[in-house]
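J.: Attaching a single structure in C-alpha coordinates format; questions to follow.
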Amino acid sequence: FARPIAADQVNWPLADYRYGGIFFDGIVHTGIDIDADEGAPIVAASPGTIVWVGWGLFTETPGNEKDPYGLAVVIRHDFGYKDQKLYTVYAHMSKTLATISQHVETGDLIGLVGATGATTGPHVHFEVRLGENSFHYTLNPELWIAPPQGWGVLAGRVMDTKGDPISHKEVELTSEETKKHYIVKTYGSGGAINPDPYYHENFVLGDLPAGIYKVLIKYEKDKKPLQTWVEIFPGQVSYLTFEGEKGFSSERPPAPKLQSLPELPSTPTPLP
(Lines give C-alpha, C1' and ligand atoms only; values in the text may rest on other atoms or scores of the structure.)
Protein backbone atom coordinates (compact mmCIF):
# COMPACT_ATOMS: atom_id res chain seq x y z
CA PHE A 1 0.00 0.00 0.00
CA ALA A 2 0.96 3.64 -0.49
CA ARG A 3 0.89 5.95 2.52
CA PRO A 4 -2.46 7.50 3.44
CA ILE A 5 -0.75 10.83 4.12
CA ALA A 6 1.97 12.11 1.80
CA ALA A 7 4.94 13.18 3.90
CA ASP A 8 8.56 14.19 3.34
CA GLN A 9 9.58 12.81 6.72
CA VAL A 10 8.91 9.69 8.76
CA ASN A 11 5.97 10.21 11.10
CA TRP A 12 5.21 6.84 12.67
CA PRO A 13 3.84 6.78 16.21
CA LEU A 14 5.39 6.25 19.61
CA ALA A 15 5.83 2.69 20.87
CA ASP A 16 2.45 2.54 22.64
CA TYR A 17 0.59 3.65 19.51
CA ARG A 18 1.83 1.07 17.06
CA TYR A 19 -0.11 -2.06 16.24
CA GLY A 20 -0.65 -4.14 19.37
CA GLY A 21 -0.13 -1.30 21.85
CA ILE A 22 -2.62 -0.57 24.63
CA PHE A 23 -5.29 1.86 23.52
CA PHE A 24 -7.91 3.79 25.52
CA ASP A 25 -9.63 1.88 28.36
CA GLY A 26 -7.28 -1.10 27.93
CA ILE A 27 -8.29 -1.75 24.31
CA VAL A 28 -5.47 -3.15 22.17
CA HIS A 29 -4.50 -0.88 19.29
CA THR A 30 -5.32 -2.52 15.96
CA GLY A 31 -3.62 -0.04 13.65
CA ILE A 32 -0.96 2.64 13.52
CA ASP A 33 -1.38 6.36 14.19
CA ILE A 34 0.16 8.79 11.73
CA ASP A 35 0.60 12.37 12.94
CA ALA A 36 -0.57 15.16 10.66
CA ASP A 37 -1.94 18.69 10.88
CA GLU A 38 -5.67 19.28 11.24
CA GLY A 39 -7.21 19.40 7.77
CA ALA A 40 -4.34 17.66 5.98
CA PRO A 41 -5.51 15.51 3.04
CA ILE A 42 -6.02 11.76 3.55
CA VAL A 43 -5.66 9.68 0.39
CA ALA A 44 -6.53 6.14 -0.67
CA ALA A 45 -3.66 3.71 -0.12
CA SER A 46 -4.64 1.61 -3.16
CA PRO A 47 -7.47 1.22 -5.69
CA GLY A 48 -10.78 -0.01 -4.35
CA THR A 49 -14.41 0.66 -3.51
CA ILE A 50 -15.63 2.74 -0.56
CA VAL A 51 -17.70 0.50 1.75
CA TRP A 52 -17.97 2.70 4.87
CA VAL A 53 -18.28 6.45 5.42
CA GLY A 54 -19.14 8.20 8.67
CA TRP A 55 -19.56 7.49 12.38
CA GLY A 56 -19.88 4.14 14.18
CA LEU A 57 -17.19 1.95 12.60
CA PHE A 58 -15.68 0.57 15.83
CA THR A 59 -19.05 -0.29 17.36
CA GLU A 60 -20.42 -1.26 13.95
CA THR A 61 -23.35 1.08 14.63
CA PRO A 62 -23.84 3.56 11.76
CA GLY A 63 -24.37 7.10 13.00
CA ASN A 64 -22.97 6.54 16.51
CA GLU A 65 -21.24 9.87 17.21
CA LYS A 66 -19.75 8.49 20.46
CA ASP A 67 -17.78 5.90 18.50
CA PRO A 68 -14.03 5.97 19.37
CA TYR A 69 -13.03 5.92 15.69
CA GLY A 70 -14.88 9.16 15.02
CA LEU A 71 -15.49 9.91 11.35
CA ALA A 72 -14.01 7.06 9.31
CA VAL A 73 -13.73 5.70 5.78
CA VAL A 74 -13.14 2.07 4.75
CA ILE A 75 -11.95 0.89 1.33
CA ARG A 76 -12.41 -2.67 0.01
CA HIS A 77 -9.51 -3.10 -2.38
CA ASP A 78 -9.53 -4.42 -5.92
CA PHE A 79 -7.02 -7.11 -4.94
CA GLY A 80 -6.90 -9.53 -2.02
CA TYR A 81 -4.59 -12.04 -0.36
CA LYS A 82 -5.00 -15.81 -0.64
CA ASP A 83 -8.58 -15.45 -1.91
CA GLN A 84 -9.51 -13.15 0.98
CA LYS A 85 -10.61 -9.54 0.64
CA LEU A 86 -8.39 -6.69 1.85
CA TYR A 87 -9.68 -3.52 3.51
CA THR A 88 -8.00 -0.36 4.75
CA VAL A 89 -9.42 1.90 7.47
CA TYR A 90 -8.87 5.67 7.89
CA ALA A 91 -10.24 7.04 11.18
CA HIS A 92 -10.57 10.28 13.23
CA MET A 93 -11.29 12.46 10.18
CA SER A 94 -12.53 16.02 10.53
CA LYS A 95 -14.42 15.62 7.26
CA THR A 96 -15.13 12.73 4.92
CA LEU A 97 -14.86 13.34 1.16
CA ALA A 98 -15.93 9.97 -0.17
CA THR A 99 -19.26 8.25 -0.78
CA ILE A 100 -20.42 4.66 -0.42
CA SER A 101 -19.81 2.57 -3.58
CA GLN A 102 -17.43 5.17 -5.03
CA HIS A 103 -14.40 3.64 -6.76
CA VAL A 104 -11.10 5.32 -5.91
CA GLU A 105 -7.55 5.04 -7.21
CA THR A 106 -4.29 5.25 -5.26
CA GLY A 107 -3.81 8.82 -4.05
CA ASP A 108 -7.44 9.93 -4.45
CA LEU A 109 -8.63 12.30 -1.73
CA ILE A 110 -11.05 10.59 0.69
CA GLY A 111 -11.08 12.89 3.73
CA LEU A 112 -9.29 15.40 5.96
CA VAL A 113 -7.25 14.80 9.12
CA GLY A 114 -9.08 15.51 12.36
CA ALA A 115 -9.42 14.52 15.99
CA THR A 116 -12.94 13.05 16.10
CA GLY A 117 -13.55 10.09 18.38
CA ALA A 118 -11.13 8.99 21.13
CA THR A 119 -7.95 10.90 20.32
CA THR A 120 -5.30 13.05 21.97
CA GLY A 121 -4.82 15.22 18.87
CA PRO A 122 -5.09 15.29 15.08
CA HIS A 123 -3.84 12.15 13.34
CA VAL A 124 -4.95 9.28 11.12
CA HIS A 125 -5.60 5.85 12.58
CA PHE A 126 -4.78 3.46 9.72
CA GLU A 127 -5.69 -0.25 9.67
CA VAL A 128 -5.33 -3.20 7.32
CA ARG A 129 -8.10 -5.82 7.59
CA LEU A 130 -8.01 -9.22 5.92
CA GLY A 131 -11.07 -11.36 5.24
CA GLU A 132 -13.74 -9.19 6.85
CA ASN A 133 -14.28 -5.51 7.58
CA SER A 134 -14.17 -6.06 11.34
CA PHE A 135 -12.07 -4.98 14.33
CA HIS A 136 -11.06 -8.62 14.91
CA TYR A 137 -9.56 -9.17 11.42
CA THR A 138 -6.62 -6.75 11.45
CA LEU A 139 -2.96 -7.26 10.55
CA ASN A 140 0.01 -4.98 11.26
CA PRO A 141 -0.04 -2.19 8.63
CA GLU A 142 3.73 -1.69 8.89
CA LEU A 143 4.15 -5.00 7.04
CA TRP A 144 1.84 -3.78 4.26
CA ILE A 145 3.09 -0.24 3.55
CA ALA A 146 6.09 0.27 1.31
CA PRO A 147 8.96 1.92 3.25
CA PRO A 148 10.67 5.05 1.87
CA GLN A 149 13.35 4.44 -0.75
CA GLY A 150 16.49 3.09 0.87
CA TRP A 151 14.71 2.08 4.08
CA GLY A 152 13.42 -1.25 5.39
CA VAL A 153 11.37 -3.03 8.06
CA LEU A 154 12.21 -5.26 11.03
CA ALA A 155 9.75 -7.93 12.19
CA GLY A 156 10.35 -10.38 15.00
CA ARG A 157 8.97 -12.67 17.65
CA VAL A 158 9.97 -12.32 21.31
CA MET A 159 9.36 -15.39 23.48
CA ASP A 160 10.34 -16.85 26.84
CA THR A 161 12.58 -19.90 27.09
CA LYS A 162 9.55 -22.18 26.71
CA GLY A 163 8.65 -20.57 23.40
CA ASP A 164 5.61 -18.63 24.61
CA PRO A 165 5.27 -15.05 23.30
CA ILE A 166 5.95 -12.21 25.76
CA SER A 167 3.58 -9.21 25.78
CA HIS A 168 4.63 -5.56 26.21
CA LYS A 169 8.37 -6.33 26.11
CA GLU A 170 10.57 -3.48 24.90
CA VAL A 171 12.88 -4.13 21.98
CA GLU A 172 15.60 -1.48 21.62
CA LEU A 173 17.47 -0.75 18.40
CA THR A 174 20.45 1.54 17.88
CA SER A 175 21.88 2.39 14.48
CA GLU A 176 25.59 1.60 14.35
CA GLU A 177 26.04 4.43 11.84
CA THR A 178 23.94 7.30 13.20
CA LYS A 179 23.54 6.10 16.83
CA LYS A 180 19.84 6.92 16.56
CA HIS A 181 17.77 5.01 19.11
CA TYR A 182 14.45 3.24 18.48
CA ILE A 183 12.07 1.42 20.83
CA VAL A 184 9.16 -0.84 19.93
CA LYS A 185 7.01 -2.96 22.26
CA THR A 186 5.74 -6.44 21.58
CA TYR A 187 2.00 -6.83 21.05
CA GLY A 188 -0.41 -6.79 23.93
CA SER A 189 -2.70 -9.72 24.54
CA GLY A 190 -6.11 -9.62 22.92
CA GLY A 191 -8.19 -11.45 20.38
CA ALA A 192 -8.11 -8.51 17.94
CA ILE A 193 -4.34 -8.81 17.39
CA ASN A 194 -3.33 -11.18 14.62
CA PRO A 195 0.26 -11.99 13.63
CA ASP A 196 1.12 -12.31 9.98
CA PRO A 197 0.49 -15.88 8.78
CA TYR A 198 4.09 -16.14 7.54
CA TYR A 199 6.15 -14.22 10.11
CA HIS A 200 4.12 -15.05 13.25
CA GLU A 201 5.62 -11.85 14.64
CA ASN A 202 4.76 -10.00 17.83
CA PHE A 203 6.52 -6.75 16.93
CA VAL A 204 7.24 -4.74 13.78
CA LEU A 205 9.37 -1.63 13.42
CA GLY A 206 9.02 0.07 10.06
CA ASP A 207 10.81 2.96 8.37
CA LEU A 208 14.36 2.05 9.36
CA PRO A 209 17.21 3.41 7.23
CA ALA A 210 19.22 0.56 5.73
CA GLY A 211 22.23 -0.42 7.80
CA ILE A 212 23.43 -2.38 10.84
CA TYR A 213 21.56 -2.09 14.16
CA LYS A 214 22.31 -3.33 17.65
CA VAL A 215 19.27 -5.00 19.23
CA LEU A 216 18.80 -5.15 23.03
CA ILE A 217 16.18 -7.06 25.02
CA LYS A 218 16.15 -7.04 28.81
CA TYR A 219 14.91 -10.54 29.61
CA GLU A 220 15.58 -10.66 33.37
CA LYS A 221 15.40 -7.61 35.63
CA ASP A 222 18.67 -8.09 37.50
CA LYS A 223 20.78 -9.09 34.51
CA LYS A 224 22.28 -7.18 31.62
CA PRO A 225 20.19 -6.94 28.44
CA LEU A 226 20.89 -9.58 25.82
CA GLN A 227 22.03 -8.23 22.47
CA THR A 228 22.51 -9.09 18.84
CA TRP A 229 22.94 -7.25 15.54
CA VAL A 230 20.61 -7.14 12.56
CA GLU A 231 21.02 -5.72 9.08
CA ILE A 232 18.17 -3.74 7.51
CA PHE A 233 18.01 -3.88 3.71
CA PRO A 234 16.29 -1.34 1.41
CA GLY A 235 12.71 -2.29 0.62
CA GLN A 236 12.87 -5.57 2.54
CA VAL A 237 11.65 -7.12 5.80
CA SER A 238 14.44 -8.33 8.09
CA TYR A 239 13.49 -10.90 10.72
CA LEU A 240 14.69 -12.15 14.09
CA THR A 241 13.43 -14.20 17.02
CA PHE A 242 14.33 -14.17 20.71
CA GLU A 243 13.65 -17.16 22.93
CA GLY A 244 14.64 -16.31 26.50
CA GLU A 245 17.81 -18.01 27.69
CA LYS A 246 18.28 -19.52 24.22
CA GLY A 247 18.93 -16.02 22.87
CA PHE A 248 18.50 -14.66 19.35
CA SER A 249 18.10 -16.24 15.93
CA SER A 250 17.92 -14.65 12.50
CA GLU A 251 16.53 -17.76 10.82
CA ARG A 252 13.45 -16.89 8.80
CA PRO A 253 10.29 -19.00 8.88
CA PRO A 254 10.25 -21.79 6.30
CA ALA A 255 8.81 -20.87 2.93
CA PRO A 256 5.18 -21.93 2.42
CA LYS A 257 4.94 -25.35 0.84
CA LEU A 258 3.52 -25.68 -2.63
CA GLN A 259 0.40 -27.76 -2.99
CA SER A 260 1.22 -31.26 -4.20
CA LEU A 261 1.01 -31.75 -7.95
CA PRO A 262 -0.97 -34.61 -9.46
CA GLU A 263 1.09 -37.69 -10.27
CA LEU A 264 2.01 -38.06 -13.92
CA PRO A 265 1.38 -41.36 -15.66
CA SER A 266 4.46 -43.61 -15.84
CA THR A 267 3.97 -44.06 -19.60
CA PRO A 268 3.48 -40.88 -21.67
CA THR A 269 0.12 -40.67 -23.40
CA PRO A 270 0.62 -40.41 -27.18
CA LEU A 271 -0.74 -37.29 -28.81
CA PRO A 272 -3.57 -37.75 -31.34
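The values are calculated or read from the model by the stated rules, or taken from the named source; none is laboratory data. Here the structure is a predicted model, which means the values were calculated and not measured. Neighbour counts run over all protein chains shown; Cβ positions are idealised from the backbone, glycine included. We work out accessible area using only protein heavy atoms, side chains counted, and drop any ligands, DNA or RNA first. Shrake-Rupley method; radii C 1.70, N 1.55, O 1.52, S 1.80 Å.
J.: Would you mention how many residues in segment 159-193 are under 17 Å from the mean Cα position of the chain (by Cα), crowded, with 18+ Cβ neighbours inside 10 Å and closer than 18 Å to Leu240 by Cα?
T.: Within segment 159-193, residues that are under 17 Å from the mean Cα position of the chain (by Cα), crowded, with 18+ Cβ neighbours inside 10 Å and closer than 18 Å to Leu240 by Cα number 5.
J.: Can you report the number of residues in segment 97-144 which are more than 15 Å from Trp55 (Cβ to Cβ), among the aliphatic types (A, V, I, L, M) and either out of contact with any strand residue (DSSP E or B) (no Cβ under 8 Å at 6 or more places or on another chain) or free of Cβ contacts under 8 Å to residues at least 40 places away in the same chain (or both)?
T.: 1
J.: Can you find even one residue in segment 97-108 that is in a loop (DSSP other than H, G, I, E, B), farther than 15 Å from Ala44 by Cα and small (Gly, Ala, Ser)?
T.: At the first step, the residues of segment 97-108 found to be in a loop (DSSP other than H, G, I, E, B) are 97-102, 105-108.
After this cut, where a residue has to be farther than 15 Å from Ala44 by Cα as well, the list is none.
The answer is no; no qualifying residue exists.
J.: Given the conditions (1) within 20 Å of the chain's Cα centre (by Cα); (2) open to solvent by 30 Å² or more (accessible area, probe 1.4 Å); (3) modelled with pLDDT under 95, and given that Ser134 satisfies all but one, which numbered condition is not satisfied?
T.: Failing condition for Ser134: (2).
J.: Which one is modelled with the lowest pLDDT among residues in segment 203-261 that are open to solvent by less than 30 Å² (accessible area, probe 1.4 Å) and in contact with a helix residue (DSSP H, G or I) (Cβ under 7 Å, 6 or more places away or on another chain)?
T.: Ranking the qualifying residues of segment 203-261, first place goes to Gly206.
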